[in-house]
Structure formats: structure tokens, C-alpha cells
Amino acid sequence: MGKKVIIKEELIDVAVKINATIVEFDKPYDRPYFEERYKGKKNLILVAYVDNQPAGYMVSYDRNNNDSFYCWMAGVDPNFRRLGLLKELMEYLNNWAKANGYKKIIIKTRNNRREMLSFLVKAGFNFTEIQAQPLVEDNRILLEKIIS
């Protein structure tokens, strides 16, 4: 029998706890770091639960005050990967953004985040810009997806 997955809008504290499990990030971020990003902006904090355990998160906000919604940070606890959680989080974000009048989702990742780049391409995102860094593998890749 498969694991029960639920996506919920949640408080930032749960996302912060999951963030601390993401090995790819240079360091875990604390609550004030997260809150400073979306303070005063329309935001959406999602948590994926697997069998009632918080397993993945996504923090998005209205960064540009236009028709786009910015997916700022997302991650899945390594113990819960390969269950499709990022896909479910992204689908929730897409539906929420559409219902709230947004036309596209934008996201930024790094050149060395190959799994994320692959996921985003498969999910219908298009490359829009590259922000060069001293090391090419650290280049920032900007992508967007027209909301369906």
C-alpha cells in the first residue's frame, strides 16, 4: 500500500524544520531569514506530509508585484524523496496561483542542481535567464512557467 501524501498550507515553522534536513543547502535557514523574504507580500507556505510526517516544503511569494508568483525555496527531506512530493507541491502552487489571478510561476535554481533543473524542464518550465557566477556550476538559472 502506498504512503498517504497530503499537501497543506502551513506556518513557516514547519518549513524551517524541514529545511534543516536538506543536505544540498549550504546551511539551514532560521525563521527570521524566511520571514524577511516574504514580509509584507502575498505568500504561500506549503508542506507535504507523508503519513502525517512533514516531509517537504515550498515557500513562494509575490516578489515582483505583477502577474507572476515566485517560488523561492523548496526542498524534500532526503528520507522522503522519490515519492513525487515536489511534483505535488508544484501542482498545488500552480492551482493556487491560477485561482489567485497569477499568469506565471517563476523560479531560480543553480546550474549544479541537476535534479531540480530536470524536474523543472519536465514540469513545463522554460529557461529565461542565466546569472553568471565565478564558477559556472554556481550560475543561477531563472525559469518560468505559464500557468495552465
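Throughout, read-outs are computed from the coordinates displayed, never taken from laboratory work. Because the structure is predicted, anything quoted here is derived from the model rather than measured. With ideal geometry, Cβ positions are generated from the backbone for all residues, glycine too; neighbour counts draw on all protein chains shown.
Quick one: go through region 93-126 and flag any residue whose amide nitrogen is under 16 Å from the point 7 Å out along the Cα-to-Cβ line of R140.
Residues 106-113 fall inside that zone.
Normalised by the number of residues in the chain, what is the relative contact order in percent for Cα pairs under 8 Å and 6+ residues apart?
Averaging sequence separation for qualifying contacts and normalising by length gives 18 percent for the chain.
Just to be sure I understand the model, the point goes 7 Å from the Cα along the line to the Cβ. What's the resulting K8 to V121 distance in nm?
Reported label-point gap for K8 and V121 is 3.6 nm.
Among I106, I130, I22, which one moves the most in a GNM of the chain with springs linking Cα atoms closer than 10 Å?
Maximum among the listed residues: I130.
Could you give me the ³J(HN,Hα) list for region 46-60, computed from phi with Karplus coefficients 6.51, -1.76, 1.60 and θ = phi - 60°, whole Hz, x at Gly and Pro?
10, 10, 9, 10, 10, 6, 6, 9, x, 10, x, 8, 8, 10, 9
Considering only the chain, what is the antiparallel percent among its DSSP beta bridges, to the nearest 5?
Just about 90 percent of them are antiparallel.
As an exercise, use a Förster radius of 25 Å and the Cβ-Cβ distance of A20 and R81 to find the FRET efficiency, rounded to the nearest 0.05.
Given R0 = 25 Å and the Cβ-Cβ separation, E is 0.95.
Past 18 Å, Cα to Cα, is the threshold; run K42/K103; K103/K145; K17/K42; K87/K108 against it and keep the listed order.
Distance filter (> 18 Å) returns K17/K42.
How much length would be gained if the chain were fully extended between E129 and N64, taking 0.36 nm per residue of separation minus their Cα-Cα distance, in nm to one decimal?
The span from E129 to N64 would gain 21.8 nm if fully extended.
Which value in deg cm²/dmol, rounded to the nearest 500, describes the helix-derived mean residue ellipticity at 222 nm for the chain, given -39,500 (n - 2.57) per DSSP H run of n ≥ 4 and division by the residue count?
The per-residue figure over the chain is -8000 deg cm²/dmol.
Once you have a ≥ b ≥ c as the square roots of the Cα gyration tensor eigenvalues for region 5-107, tell me rounded if a/c is under 1.5, and otherwise prolate or oblate according to whether a/b is larger than b/c.
Because a/c hits 1.5 or more and a/b fails to exceed b/c, region 5-107 counts as oblate.
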